[in-house]
Amino acid sequence: MKMSCLKGTTISFSCLKLAFPSYPSSFQNLPFRRTIKPLSAALQTSPATSPSTTKAEDQVARSHWKAAIDFKWIKDNKEAVAANIRNRNSDADLELVLQLYDHFFNLQKEVERVRGERNAVANKMKGKMEQSQRQRLIEEGKNLKEGLIALEEDLLKLNDKLQLEAQRIPNMTHPNVPIGGEDSSMTRKLVGSAPEFSFPVKDHLELGKELCLFDFDTAAEVSGSKFYYLKNDAVLLEMALVNWTLSEVMKRGFTPLTTPELVRSSVVEKCGFQPRGNNTQVYSIEDSDQCLIGTAEIPVGGLHMDSILAETLLPLKYVAFSHCFRTEAGAAGSATRGLYRVHQFSKVEMFIFCRPEESEHYHEELIKIEEDMFSSLGLHFKTLDMASEDLGAPAYRKFDVEAWMPGLERFGEISSASNCTDYQSRRLGIRYRPSEAPVASPKSSKGNLAPPLFVHTLNATACAVPRMIICLLENYQQEDGSILIPEPLRPFMGGRSVISRKL
Amino acid sequence: MKGKMEQSQRQRLIEEGKNLKEGLIALEEDLLKLNDKLQLEAQRIPNMTHPNVPIGGEDSSMTRKLVGSAPEFSFPVKDHLELGKELCLFDFDTAAEVSGSKFYYLKNDAVLLEMALVNWTLSEVMKRGFTPLTTPELVRSSVVEKCGFQPRGNNTQVYSIEDSDQCLIGTAEIPVGGLHMDSILAETLLPLKYVAFSHCFRTEAGAAGSATRGLYRVHQFSKVEMFIFCRPEESEHYHEELIKIEEDMFSSLGLHFKTLDMASEDLGAPAYRKFDVEAWMPGLERFGEISSASNCTDYQSRRLGIRYRPSEAPVASPKSSKGNLAPPLFVHTLNATACAVPRMIICLLENYQQEDGSILIPEPLRPFMGGRSVISRKL
């Protein structure tokens, strides 16, 4: 065994053991552990890969992107992070992450040390020496090099594993967010009141049937369940809702966008969604790394990925119109009939990139815009501060709006506004350069450039068309089965004020 | 075997019956397989062709109509990509990172232009008696095939969904055709005229070259599509109606274009006859296709199973005997592009560019853009 030739170096199994303290059983399956044995083989030959790891693991590990996670911060605040994980009912394993991180940190140091030794040997070889001494140095250098290659590979794999585990840690939580499940969500605001009807109330499906507004049955044959055609005035209503919403939000300084609806799955992941999980909400394209978007939040987030923005550009405010596609795997029950839960729908989405100290302000701005719009449509609704178990990994805080749906006889979610702080930006790689402090010659030295910081991102539903259609049909139904069109939408429906049966 | 007989005779008959039954099962299985093979081969036979269609390749297509003339510019003409860049209208580069090449974001006034085009087109076609629709954009692959497309071929234009029999539509023609599949319609319902707005997705496999830069050839776009189900004797009439609607709309937008009667090699399997409209694109310095109107006669309806029941001749008691019911006949289907948004955007930007880089908005679209008459640089 070659180890005996490594006299004078400390690279040996004993050193490697230092990097591998005793681990919980979950470590037994880690790829890098299996490389300890073949490391000696690596020292004799010069493989780039360890034969015992599976090819698939290698490929998955190597192609995965890296989130700029602040490990030091997590380590320094581990009690708070652990409490947060509990409060959110997350399955992230903080202990494992911290152990992997320490391990990674130490292995990184080890790699640097071995590199240093190899450089030292290389330098030694520059001087004059006897042939046998040179030969020994050459062998030493070669062993160090092979050992280094193996260590670096271990480091890569360890980093992949660390990333995989760390990415599961949810965002921290705003101190005012109620702790608990959906029953703990707090009502922030209540607007309007349930309309009173002097006649039996119909649900949107029945109203739509009488007015020839939808077709679910044929869509089930053509496409599958939870698909639909909109017909006649429902088409005009969709167009009116989208046009009106876009114009209302643009008035408030948002830049309009339409977006790709096919995106690379890595972008989906970076926004905090899971394209490949069980019960995934995401449709994937065959023979491709592309997926269909479930929300325009994804392509809009991607708009500035891997960028450093000038601070003067912030805040960047976008309003995006797109179709959205969701598998709704795992969703069932009567509350999902008709338009309430569908695989494809039109949505207008607001998205903001801003400086960290401003995200709470813009969260309030977004929810205000939503509340103003829903009020002007005359809806009865409540705004909820969602409880910790209902937040979803990216959100620091989330406000949902639930509107009264007389046909369903309950409130139904029509929008959601999330402050994702730096969760998405650390994954998408979106930073900004704070403006420099004024100096005599700003470009005099690199030291004057403030280091870039991660932006905060926020997203909010301006209009989810099918849910809005339910609200409008059910709340504005008349005794004769016709539907009153709320004032703001009339100009966008050619001035009409009623949807009625075709004669 | 129902009659009386001796035991041995009965036994012989039982054996004979058994042999016949097994033979039958085998024969029926052969028949099924043969029918499958027959269908596979027969479905490849293209639709018949209208006698006036020129025979040959794309050079043989005949110009039916020429409208307007190429605008003259007193300054160097820019193409839509350059115009769009200056006016902050598109982003192709970031879309390539997020999604892949031939994807794009529309920004600022381009979004308003898309909405204006769609809204205006829908309202123009609705005025002519078409029923508006929005459609599913995921459909079962069998429906795609029944419309005459090939979801699984090499160089297929169709995106398929993983672990599913669903595909993304390349045109609303598919879900609209599917709207009446496996149905017998009352004759009095015909013609059924629909105008459908959808997003369309195409792989564009095999398409390459400089003419495919920018918005000219993209994987995803918005389109307003017209679709008619009618009686066979009326399809030629409605084909003329559809092309007239298109020509009226493109004229009112002030475009310079020609309508082509496509030659036999360029028809595509379902079309009996196809009229394409090509509009002048000054930046590309050539005509580019902006729409297509096909009469598919009964090609799609025979696959989608769409028939109609001709009205019965008046008799004393119409329901007296089944013999009075006329047998159902296959409808004819037609489809035509009312507005393919990216190509229209190219036309509008390139034809209406001003010397200062701003774009004049054609009159009909102004009400749909809040009354504005110009797209100009943001200050």
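Do you know which residues across the range B:130-180 are assigned to a loop (DSSP other than H, G, I, E, B), open to solvent by 30 Å² or more (accessible area, probe 1.4 Å) and within 7 Å of another protein chain (Cβ to nearest Cβ)?
Residue satisfying the conditions is B:162 alone.
Between a first residue in the range B:108-132 that is within 11 Å of residue A:257 (Cα to Cα) and a second residue that is of a type in the set (A, V, I, L, M) and surrounded by fewer than 22 Cβ atoms within 10 Å (Cβ to Cβ), which pairs have beta carbons less than 6 Å apart while being 6 or more apart in sequence or on different chains?
B:112/B:369
In this structure, is residue A:358 assigned by the TED database to the domain that holds residue A:235, at pLDDT 95 or above, surrounded by fewer than 17 Cβ atoms within 10 Å (Cβ to Cβ) and out of contact with any helix residue (DSSP H, G or I) (no Cβ under 8 Å at 6 or more places or on another chain)?
yes
Filter the range A:485-503 for residues that are surrounded by fewer than 16 Cβ atoms within 10 Å (Cβ to Cβ) and in a strand (DSSP E or B) and give the result.
Residue satisfying the conditions is A:498 alone.
If we scan the range A:435-447, do we find a residue that is touching a helix residue (DSSP H, G or I) at 6+ places or on another chain (Cβ under 9 Å), part of a loop (DSSP other than H, G, I, E, B) and modelled with pLDDT of 95 or more?
no
Scan A:222, A:235, A:242 and give me the residue that is in contact (Cβ under 8 Å) with a residue 24 or more places away in the chain, among the β-branched types (Val, Ile, Thr) and either open to solvent by less than 60 Å² (accessible area, probe 1.4 Å) or assigned by the TED database to the domain that holds residue A:361 (or both).
From the options A:222, A:235, A:242, the qualifying one is A:242.
How many of the residues in the range B:230-268 are open to solvent by less than 10 Å² (accessible area, probe 1.4 Å) and touching a helix residue (DSSP H, G or I) at 6+ places or on another chain (Cβ under 8 Å)?
Residues meeting the conditions: 8.
Would you mind stating whether residue A:180 is part of a loop (DSSP other than H, G, I, E, B), open to solvent by less than 90 Å² (accessible area, probe 1.4 Å), within 14 Å of chain B (Cβ to nearest Cβ) and of a type outside the set (D, E, K, R)?
For residue A:180, the condition - part of a loop (DSSP other than H, G, I, E, B), open to solvent by less than 90 Å² (accessible area, probe 1.4 Å), within 14 Å of chain B (Cβ to nearest Cβ) and of a type outside the set (D, E, K, R) - is not met.
Condition (residue is among the small types (Gly, Ala, Ser) and surrounded by 19 or more Cβ atoms within 10 Å (Cβ to Cβ)) applied to the range A:114-136: is it met by at least one residue?
No.
With the requirement that a residue be more than 7 Å from chain B (Cβ to nearest Cβ) and buried (at least 20 other Cβ atoms within 10 Å of the Cβ), what does the range A:247-280 give you?
Hits for the range A:247-280 are A:249, A:254, A:268, A:269, A:270, A:271, A:272, A:273, A:275.
How many residues are surrounded by fewer than 22 Cβ atoms within 10 Å (Cβ to Cβ), basic (Lys, Arg) and more than 7 Å from chain A (Cβ to nearest Cβ) if we restrict to the range B:97-129?
So the count comes out to 2.
Every residue in the range B:81-96 that is open to solvent by less than 10 Å² (accessible area, probe 1.4 Å) and either part of a helix (DSSP H, G or I) or within 7 Å of chain A (Cβ to nearest Cβ) (or both), please.
B:83, B:84, B:95
Do the conditions hold for residue A:154, that is, is it in a helix (DSSP H, G or I) and acidic (Asp, Glu)?
Yes; evaluated as a whole, the condition is true for this residue.
Yes or no, residue by residue, for (1) among the hydrophobic types (A, V, I, L, M, F, W, C); (2) within 30 Å of residue B:104 (Cα to Cα); (3) touching a Phe, Trp or Tyr at 6+ places or on another chain (Cβ under 7 Å):
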position	(1), (2), (3)
B:167	yes, yes, yes
B:188	no, no, no
B:192	yes, no, yes
B:197	yes, yes, no
B:205	yes, yes, no
B:219	no, yes, yes
B:233	no, no, no
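The values are calculated or read from the model by the stated rules, or taken from the named source; none is laboratory data. Worth saying up front: this structure is predicted, and the values here are computed from it rather than measured. Glycine gets a Cβ as well: all are built from the backbone with ideal geometry, and neighbour counts include every protein chain shown. All accessible areas refer to the heavy atoms of the entire protein, side chains included, with ligands and DNA or RNA removed. Shrake-Rupley method; radii C 1.70, N 1.55, O 1.52, S 1.80 Å.
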